[in-house]
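Bear in mind these aren't lab numbers, they're just calculated from the coordinates by the rules spelled out. Because the structure is a prediction, the values reported are computed rather than measured. Methodologically, a virtual Cβ is constructed for each residue, glycine included, from the backbone with ideal geometry; neighbour enumeration extends over all protein chains shown.
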Amino acid sequence: MIFQGLFDKNIYTSEVIIVTVRNKTKLLYQQEAKSVSLNNSIGPFDILPQHENLVSLTSGEIRIINNKGEKWNINHQNGLIKVTKNTVDIAILED
């Protein structure tokens with residue numbers, strides 16, 4: 001049982017991420033989701049459950065697919081994303 005701790009269900013089997021999107025004045029979106037797709041200076045990327053920690057500037061379209069398969073999109077010119085422990089926080093830095 002050397003590897004028993006590596007496969008702890010509480011850590012490694014989460015199938016959802018908690019996504020929050022806000023601008024300077026209000027909360028725009030907050031739900032569990034299956035995926036988040038967006039762009040940074042390197043190009044497009046996706047955030048899925050169990051993603052590594054990440055902080056990045058973003059721009060362009062944010063595409064979220066929730067647990068029911070429903071899509072939510074918003075365009076922005078300047079934003080910041082932080083990913084930690086299946087939580088995605090996106091701040092849109094314009095009005």
query: Rounded to the nearest 5, what % of the DSSP beta bridges within the chain are antiparallel ones?
result: 85 percent
statement: Taking a crude spin-label model, label points 7 Å out from Cα along the C-beta direction, the Tyr29 to Asn67 distance in nm is 1.7 nm
message: Using the crude model of +1 on Lys and Arg Cβ and -1 on Asp and Glu Cβ, and no other charge, please compute the dipole size for the chain relative to its Cα centre, in debye to 20.
response: 160 debye
query: Quick one: if the Förster radius is 25 Å, what FRET efficiency do Ile74 and Ser14 give, using the C-beta to C-beta distance and rounding to 0.05?
result: 0.55
- line: CD proxy, 222 nm, the chain: helix-only mean residue ellipticity via -39,500 (n - 2.57) per DSSP H run with n ≥ 4, per residue, nearest 500, stands at -500 deg cm²/dmol
- line: Taking the dipole of the range 15-92 about the Cα centre (Lys, Arg +1; Asp, Glu -1; charges at Cβ), the one of Leu27, Asn75, Gln50 that reaches farthest to the positive side is Leu27
query: Can you give me the Cα centroid spacing of the range 24-42 and the range 52-95 in angstrom?
result: 2 Å
- line: Out of Thr58, Thr20, Thr84, a Gaussian network model of the chain with alpha-carbon springs under 10 Å gives the largest mean-square fluctuation to Thr84
